[in-house]
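In what follows, a structure is listed as structure tokens, so that the remarks can point back to it.
Derivation of every value follows stated rules applied to the coordinates shown; laboratory data play no part. Everything numeric here is computed off the predicted structure, so don't read it as measured data. Please note: Cβ atoms are built from the backbone with ideal geometry, for glycine as well, and neighbour counts cover all protein chains shown.
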Amino acid sequence: MDTATAISVVIPYYNEAGFLPQTLRCFLAQTRLPDQLILVDNGSTDGTEALCRAVLEGSGISEVVYLRDTRPGKIFALEAAGPHVRGDLIAFADADIQYPPRYLEKAERLFRTAPESIVAVMALYLHTPPAGPVALAYRWVMPHLSRLFPTKCLTGGGGQVFRTEAFRQAGGFSAATWDYVLLDHEIMHRVFKVGKSRYHSAFWCLHTNRRGNRRGVRWNFWERALYLYMPPPFLDWYFYRFLGPRLAHRRMTQLKLREQVWQGKSRG
């Protein structure tokens, strides 16, 4: 595999038989296929891996890696994937997100046309059809907002693409560093010490909106507001001495992400 141009896609999952097969089909339909696909089973009991193997049989993807880490928690699955990544770019995906056919092509192009200081390309999380008025307004606003808050994460982990070297330089995902919800924001805090991120209105993914109650996996309004306006020199304090202890007190560890309080129907 030519690591100078290769893209590795990493998908951790836990009991996603109703969603992950369709997400995999999104990547099989890409105009630019991933060079490496890493699937990490975090202790599923619903036969997800067998379904994945059936979908990916004869896929044309150069390398498919099946891993299993039974330590409960998404962070452990992400840690397990790290040593196996061989691509120059690493795209993290979630099992229940739809990715448009040109997703990887656009990610690669955004990096190619950006200076080396850009180490992360961030897909906008859409919750309504991309051509609808709400989504179009969101796609216009968010790139502008990202310029107002250049050291802050404005999208979820399923839409983050990194230069692999910079991601590793930042330390990668680590349960020893951060064992709470908001993994996507904490990792970006460390990545911003290495370089900058880029948003673009044409680079998006479509969230399924399936969680019925998000209160157990998100920060409150004041914590979010403080994050947005916190000067970069104080963000270490914010995450590790302020927000982390508050999340620990509310028992909002990463295990909360496994509590599947879902609404709606599966699309598998």
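Dipole check for the chain: with +1 at the C-beta of Lys and Arg, -1 at the C-beta of Asp and Glu, and the Cα centre as origin, the magnitude is about 1000 Debye.
Summing Cβ point charges (Lys, Arg +1; Asp, Glu -1) relative to the Cα centre of segment 34-160 gives a dipole of roughly 560 debye. Calculated mean residue ellipticity, 222 nm, the chain: -8500 deg cm²/dmol, from DSSP H runs (n ≥ 4) at -39500 (n - 2.57) each, averaged per residue and rounded to 500. Derived scalar couplings between HN and Hα for segment 169-177 equal 4, 6, x, x, 6, 8, 5, 5, 8 Hz in order, rounded to whole Hz, by the Karplus curve 6.51 cos²θ - 1.76 cosθ + 1.60 (θ = phi - 60°), x for Gly and Pro. Semi-axis lengths, largest first, of the ellipsoid equivalent to segment 7-258 are 26, 22, 18 Å, with √(5λ) applied to each eigenvalue of the Cα gyration tensor. Among VAL161, VAL55, THR151, which residue has its Cα positioned farthest towards the positive end of the charge dipole of segment 30-178, with +1 placed on the Cβ of Lys and Arg, -1 on the Cβ of Asp and Glu, and the dipole taken about the Cα centre? Checking the options against the dipole of segment 30-178, the answer is THR151.
Among SER146, SER62, SER44, sorting on how many other beta-carbon atoms sit within 10 Å of each Cβ, with the fewest leading, yields SER62, SER44, SER146. One Cα centroid belongs to segment 87-119, the other to segment 152-198; the line between them spans 14 Å. Loop only by DSSP, 11 or fewer other Cβ within 10 Å of the Cβ. Give me the trypsin sites (Lys or Arg not before Pro) in segment 229-260 that pass, ordered by residue number. Filter output for segment 229-260: ARG251.
Only beta bridges with both residues in the chain are counted; by DSSP, about 30 percent of them are antiparallel.
Computed over segment 177-258, the percent of Cα pairs more than 21 Å apart is 37. Residues ASP179, ASP96, ranked from the fewest to the most other C-beta atoms within 10 Å, line up as ASP179, ASP96. Shown here for segment 70-172: GluC sites (Glu not before Pro) in loop regions (DSSP other than H, G, I, E, B) with at most 15 other Cβ atoms within 10 Å, namely GLU116. Here segment 28-122 is treated as an ellipsoid with the same Cα gyration tensor; its semi-axes, largest first and in whole Å, are 25, 17, 12. Taking a sphere under 11 Å around the Cβ of GLY73 and counting the other residues whose Cβ falls inside, with K and R at +1 and D and E at -1, yields a net charge of +1.
Could you name the aspartates and glutamates in cross-link range of LYS256, using Cα to Cα under 12 Å and dropping any fewer than eight places away on the same chain? Qualifying aspartates and glutamates at Cα under 12 Å: ASP179.
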